[in-house]
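Have a look at the structure below before the remarks.
The values are calculated or read from the model by the stated rules, or taken from the named source; none is laboratory data. Here the structure is a predicted model, which is why all the values come from computation and not from measurement. Neighbour counts run over all protein chains shown; Cβ positions are idealised from the backbone, glycine included. Side chains are part of the model used for accessible areas, which takes the heavy atoms of the whole protein and leaves out ligands, DNA and RNA. Shrake-Rupley method; radii C 1.70, N 1.55, O 1.52, S 1.80 Å.
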Amino acid sequence: CVGPGQDTSIVRRLREWMGPSSPREWFSELLAGLVVCFAQLPESVAFANLANCPPAIGLQAAWIVGLVCALFGGSPGSINGSAGALAAVTTNFVSKEVDAHGHTTYTGLVQLFWSVIFASVLMLLGAVFRMGKLLCLIPATVVIGFCNGLGWVIGHAQLAWFQDDQGKFLEGDVLYLSLVLCAVTFVVMQTCVSLRLRGVPGALLGILASCVLEFAIFRPVLGKSTLTIRDKSAFDTHQVVPRPFFLNGDYDLSEWGSLSNIVFQGVTLALVAMLESLLCMEVMNDLTSSSGEANRQLWALGASNLVAGLLGTMGGNALIELCVMNVQSGGRFRCSSTVCALGLMLIFTFGYDMLNYIPVASLAGVMVVVVIGFVRWASIPAVFAAFIPRSWLEPGRDGASSGRLKEYLRSVRIGLFDAFIIVIVTTLTAVSNLAIAVGAGVSISALRFSYQQAEPLEIATSMDDGVKLYSFNGPIFFGARHRVVDTFKPQEDPDIVEIDFAGAEIFDFAIMQEFHPILAHYAQLGKTVRLLNLKDANHLPALLRFATTEEGSNNRSLSQSGMEI
């Protein structure tokens, strides 16, 4: 039996785990969770549409991933669920068709579920090997390009809300009224954002305003109607409770696609989910003045996506825009994110039929606001200024003002290479996928870093009593290969040569391989080479492969008589 003292201890630990310590904090957390819940609801439906999936799959992923990460994640207060970044990847593998009777057929869902499961395994492996620490290797320019490209992908996908079942754009009054609903939702949400109305769910108010226009004015007064979720893909009763997809008769398990597609899609989903979740954790650390646990976040992310994949959903990750909304609404702890996930589950379970009446044009308005907040607009003039010659932006020789535009561009101008990275990552994100874009950006940045690191290496030469000394100062790694090779002059050097590594820092084994032909050339000429201050013994066998020769002889056998270490 459990005694009263133990009960108290369990309750106390639960309170500490959830976060709030006072009634006021509990109220703020509950209110923030509800606000974000109503904002995440339309986003999840919109992301499901972007991924060419049924809306139920997006909502189920939202509360499953959100609940697991809220309870066990390493970033308390962060909001997780179906995400636009993952939807942008999924849309390349899942397709849907609507027949003449309005019945929608989805292709590739079983392949998606297996991909989400494979992605979750990769996330768990990332947690095992503590890959969360690799976040510091992603440059800010790559993150900016990632956000800009994702904004384009999400924004472009909203055109689907203004198309009929055959993929043709709406025409006439239906199109105009749909644009009105989109604009109304956008204005209501932006008003809430601009006025900083804490505790007011702008997305919910915008959708309610659109519903009022649709069912109180457009249909009864004007005799016109726009498309609703029921027209696009209705919620059904059997979708309310998630079931393992391999036990669900709605899916044909034989249509699991190809193994190569599952692996490629799974790797891409895992990389994108880990990247966005860890970036989101950094944002939450800044907003809450806390320190999240990257490895714990990866564990929770992998476990939640494993459950989501088995239950037949699209998976998910952290949502930056909703995390910011949660903090601004007063949420900082696990309580708010848990309330948000449970709220989504209850709404979907008991209010699924009401969701069918939401005008889809209002969802487009919600996502337009998301895109505006997601894109790094300040990077546009900065990139533009980077490609303008510096001389054009300089003030006149007489000191006269060069104009406000030039002064502004001069103040926001960034390096040309940084601008190039932003453009590359943005473009690749828009035309390819996020994993390839981020990988390309990180790779190019790493190559540039390698090139720059080769520059600080200084190689000084001096002569003393017939001995030539090569002194290395700075980092030595593969990027300095050409400098190392071009420095030595075996034909011109005296019979005794010394190489001093006292001021050098050896970064990798590969660069030491470049000394092999150099030492071999000296050995062929019968010259002695002495290695001084080579601290890292791991590199010693490589250098002794062509060891120093006895002074004045042509013997190239191993000898250490002239070596000082």
- Item | Meets criteria (among the acidic types (Asp, Glu) and open to solvent by less than 30 Å² (accessible area, probe 1.4 Å)) for Asp493 | yes
- Would you check if Ala419 is open to solvent by less than 50 Å² (accessible area, probe 1.4 Å), within 17 Å of Asn92 (Cα to Cα), of a type in the set (Gly, Ala, Ser) and at pLDDT 85 or above? no
- Residues of segment 307-325 classified as open to solvent by less than 10 Å² (accessible area, probe 1.4 Å) and more than 24 Å from Ala56 (Cβ to Cβ), total: 1
- Task: Could you tell me whether Ile506 is in contact with a helix residue (DSSP H, G or I) (Cβ under 9 Å, 6 or more places away or on another chain), closer than 19 Å to Ile459 by Cβ and either open to solvent by 30 Å² or more (accessible area, probe 1.4 Å) or at pLDDT 65 or above (or both)?
- Result: yes
- Hey, does segment 229-240 have a residue that's in contact with a Leu (Cβ under 7 Å, 6 or more places away or on another chain) and surrounded by fewer than 16 Cβ atoms within 10 Å (Cβ to Cβ)? no
- Note on the structure: Result of the Cβ filter at 6 Å on segment 421-437, keeping first residues that are on the phi < 0 side of the Ramachandran plot and partners that are at pLDDT below 85 and surrounded by fewer than 18 Cβ atoms within 10 Å (Cβ to Cβ), at least 6 apart or interchain, is Leu428/Ile436
- Taking interchain pairs and intrachain pairs at least six residues apart, which have beta carbon atoms under 7 angstrom, with the first residue in segment 318-337 and without any contact (Cβ under 8 Å) to a residue 24 or more places away in the chain and the second surrounded by 24 or more Cβ atoms within 10 Å (Cβ to Cβ) and hydrophobic (A, V, I, L, M, F, W, C)? none
- Message: Given the criterion surrounded by 21 or more Cβ atoms within 10 Å (Cβ to Cβ) and among the charged types (D, E, K, R), identify the matching residue among Glu16, Glu29.
- Response: Glu29
- Item | Pairs, first loosely packed, with under 13 Cβ neighbours inside 10 Å in segment 378-395, second among the hydroxyl-bearing types (Ser, Thr, Tyr) and part of a loop (DSSP other than H, G, I, E, B), C-beta under 9 Å, six or more apart | Glu394/Ser402
- Which number in (1) open to solvent by 10 Å² or more (accessible area, probe 1.4 Å); (2) modelled with pLDDT of 80 or more; (3) farther than 26 Å from Ala446 by Cα; (4) of a type in the set (A, V, I, L, M, F, W, C) marks the one condition that Val128 misses? (3)
- Task: Tell me which of these Thr549 doesn't satisfy, since it passes every other one: (1) surrounded by 14 or more Cβ atoms within 10 Å (Cβ to Cβ); (2) touching a helix residue (DSSP H, G or I) at 6+ places or on another chain (Cβ under 9 Å); (3) modelled with pLDDT of 70 or more; (4) part of a loop (DSSP other than H, G, I, E, B).
- Result: (3)
- Message: Against the definition (among the β-branched types (Val, Ile, Thr), outside any helix (DSSP H, G or I) and either touching a Ser or Thr at 6+ places or on another chain (Cβ under 8 Å) or open to solvent by 30 Å² or more (accessible area, probe 1.4 Å) (or both)), how does Thr185 come out, yes or no?
- Response: no
- Item | Selected residue (criterion: nearest to Arg13 (Cα to Cα)) from residues of segment 344-353 that are open to solvent by 10 Å² or more (accessible area, probe 1.4 Å) and touching a residue at least 60 places away in the same chain (Cβ under 8 Å) | Met345
- Item | Top-ranked residue in segment 331-343 [being within 15 Å of Met284 (Cβ to Cβ) and open to solvent by 10 Å² or more (accessible area, probe 1.4 Å); ranked as modelled with the lowest pLDDT] | Arg332
- Check Gly474 against each of (1) within 18 Å of the chain's Cα centre (by Cα); (2) at positive phi; (3) not polar (S, T, N, Q) and name the one condition it does not meet. (1)
- For segment 92-105, what are the residues that are open to solvent by less than 50 Å² (accessible area, probe 1.4 Å) and either touching a strand residue (DSSP E or B) at 6+ places or on another chain (Cβ under 9 Å) or at pLDDT below 85 (or both)? Val94, Val98, Gly102, Thr104
- Note on the structure: Within segment 220-247, the count of residues that are modelled with pLDDT under 85 and closer than 22 Å to Val98 by Cα comes to 11
- Message: Condition check: open to solvent by 10 Å² or more (accessible area, probe 1.4 Å) and in contact with a helix residue (DSSP H, G or I) (Cβ under 6 Å, 6 or more places away or on another chain). Does Phe47 satisfy that?
- Response: no
- Unmet criterion (only one of (1) closer than 30 Å to Val438 by Cβ; (2) open to solvent by less than 30 Å² (accessible area, probe 1.4 Å); (3) modelled with pLDDT of 80 or more) for Ala203: (3)
- Task: Residue by residue through segment 346-394, note down the ones that are closer than 16 Å to Ala48 by Cα, touching a strand residue (DSSP E or B) at 6+ places or on another chain (Cβ under 9 Å) and not polar (S, T, N, Q).
- Result: Ile358, Pro359, Val360
- Which residue pairs have Cβ atoms under 8 Å apart, sit 6 or more places apart or on different chains, and have a first residue in segment 259-285 that is within 15 Å of Gly108 (Cβ to Cβ) and a second that is open to solvent by less than 30 Å² (accessible area, probe 1.4 Å) and not in a helix (DSSP H, G or I)? Thr268/Asn433; Leu269/Gly315
- Message: With open to solvent by 40 Å² or more (accessible area, probe 1.4 Å) and among the polar types (S, T, N, Q) as the only criterion, which of Ser304, Ser260, Ser277 stands out?
- Response: Ser260
- Message: As an exercise: evaluate Asn356 against (1) of a type in the set (S, T, N, Q); (2) open to solvent by 40 Å² or more (accessible area, probe 1.4 Å); (3) over 23 Å from the mean Cα position of the chain (by Cα) and give the number of the one condition it does not meet.
- Response: (2)
- Message: Let me confirm something: among Tyr451, Tyr470, which residue is closer than 30 Å to Gly503 by Cα and crowded, with 16+ Cβ neighbours inside 10 Å?
- Response: Tyr470
